[in-house]
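See below for the structure under consideration.
A short reminder: the numbers here are calculations on the coordinates, not readings from a lab. All figures in this text were calculated on a predicted structure; none of them were measured in a lab. Positions of Cβ are backbone-derived with ideal geometry, glycine not excepted, and every protein chain shown enters the neighbour counts.
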Amino acid sequence: MGAGTLPLLGADAADTDDPATDESAKSDKKATASAETKTNMSEPVNVADFQRLAESRMQHATYNYITTGSADEITLRDNVEAFRRMKVFPPLLKGVSKADLSTTVLNRRIDMPILLAPVAAQRMFHPEGALATARAAAAAKTVFAVSSSVGHSVEEVARAATGPKWFQIYVPKDRAVARQLVERVDQAGYEAIIVTVDLGEWKDADRRDRFALPKEMLVKHLRDVGYTQVTNEMSNEEVQAFNAQAWEISLSWDFFDWLRSITKTPLLIKGVLRKDDAEKAVSLGIDGIVVSNHGGRRLDGMPASIEMLPDIVEAVKGRAEVYMDGGIRRGTDVLKALALGARGVLVGRPYAWALGADGEAGVRKVLALLREEFENAMVSTGCSKIADINRSLLMS
Ligand code: FNR
């Protein structure tokens, strides 16, 4: 796989592990099963429990695909650890016993500022894939940001998603295909388009595991985005070769002008870490910025997203909405990000693990847990509504 290979991964790996013959997965499962008994894993009470449950239930290479990061995983770890280093500093006796978590994103009211990040290949995690995720997000009354590599078509997800949904686009190199895709996204009722600009994953574990979509899923994916010339009659090598050249991997800023010329839907840019890039995005009229390093899956050594958030908020000066993702594992992390000026946070791995562990019920549960933890964090810091959250709640 080249660093720019999009969207899935391992274009040079032809075969996917068969769960039935994966001995290491079996022994992993045994080990975790005994751990499960000790920690009563049938009732996950936090994101980490869902991670352990996913590890015990999922096929090894697929679990690794979700969980691991790029190269030495410095950025992956730092995303999480940067939150741990930050301290909450609650004022006392504020007389708050419950909190209203609702907010607005791009003028749409949602029940909590915790959104579901675009995550590819969800049919590998659970047979219902993104359809299960869409239903769980709708039940939580929050935004599902759907990856263009999610494994179901724009329309299939839209039918399952009765709640607000955004579409994250990896750009087909064929601009006619790209244009049609955007038109379908608009028609299907997606309320925003996220352009992910930090392209290409580079993960040792996926190369070691030879993780790749099975041919049938890759064919469906390519056809779903509009490459209808790809068929099941083609060999696996032919499909992989087609995929390797199907995506725009050298985007530049003028792409946003083109996109703006074909759609009126609000646009977000995902993958921003630098002030100058944020300023450029604002100057182009982009509606929202997602501060992100792709969950530490792309270029190792980049800073933790939460550490760059204050810079971006300062540069944007309220001219666009600012979101962040990377390393959110607890309700207190959500509070910290909002205290530093994020309008909302996106979570990736937490719900991917939950989907792998227990399908729609898992995603519902992990969202409910994060919600409860965040409400507890608000009440404990004397915040009865989102607007009460501010920087004074953090130790500087
Ligand atoms: C991702 N991410 C991602 N981002 C994107 O823009 N398009 C995509 O298709 C994917 N696919 C994907 C697959 C998997 C398995 C993961 C874990 C992540 C990145 C994602 O949107 C988000 O930036 C990170 O997941 C946030 O970090 P946490 O919450 O996983 O720590």
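Quick notes on this structure:
- Amide hydrogen proximity for Thr196: with H placed 1.01 Å from N in the peptide plane, the residues at 5 or more positions away or on another chain lying under 5 Å are Ile169, Lys270.
- Backbone amide hydrogens, once placed in the peptide plane, bring Met112 within less than 5 Å of Thr103, excluding anything fewer than 5 places away on its chain.
- Amide H within-cut-off set for Val322, under 5 Å, with H built and near neighbours excluded: Ile289, Arg343
- GNM flexibility winner over the chain from Glu216, Glu128, Glu73 (Cα, springs under 10 Å): Glu216
- The ranking of Asp49, Asp254, Asp111 by Cβ neighbour count inside 10 Å, starting from the fewest, reads Asp254, Asp111, Asp49.
- Mean ellipticity per residue at 222 nm, deg cm²/dmol - from DSSP H runs of n ≥ 4 across the chain, formula -39500 (n - 2.57): -14000 deg cm²/dmol
- Set Lys141/Lys385; Lys94/Lys336; Lys141/Lys264; Lys336/Lys385 screened for pairs whose C-alpha atoms are more than 22 Å apart: Lys141/Lys264
- Listed residue (Val282, Met234, Gly331) projecting farthest to the positive dipole end of the chain, Cβ model: Gly331
- The chain: relative contact order as a whole-number percent, Cα under 8 Å and 6+ apart: 27 percent
- Footprinting exposure proxy for Ser384, Ser42 (fewest neighbouring C-beta atoms within 10 Å first): Ser42, Ser384
- Dipole in debye (nearest 20) - region 6-393, about Cα centre, beta carbon charges: Lys, Arg +1; Asp, Glu -1: 1280 debye
- Likely footprinting exposure, Thr263, Thr103, fewest C-beta neighbours within 10 Å first: Thr263, Thr103
- The mean of 1/r over all distinct Cα pairs in the chain, once inverted, gives the Kirkwood hydrodynamic radius of 21.3 Å.
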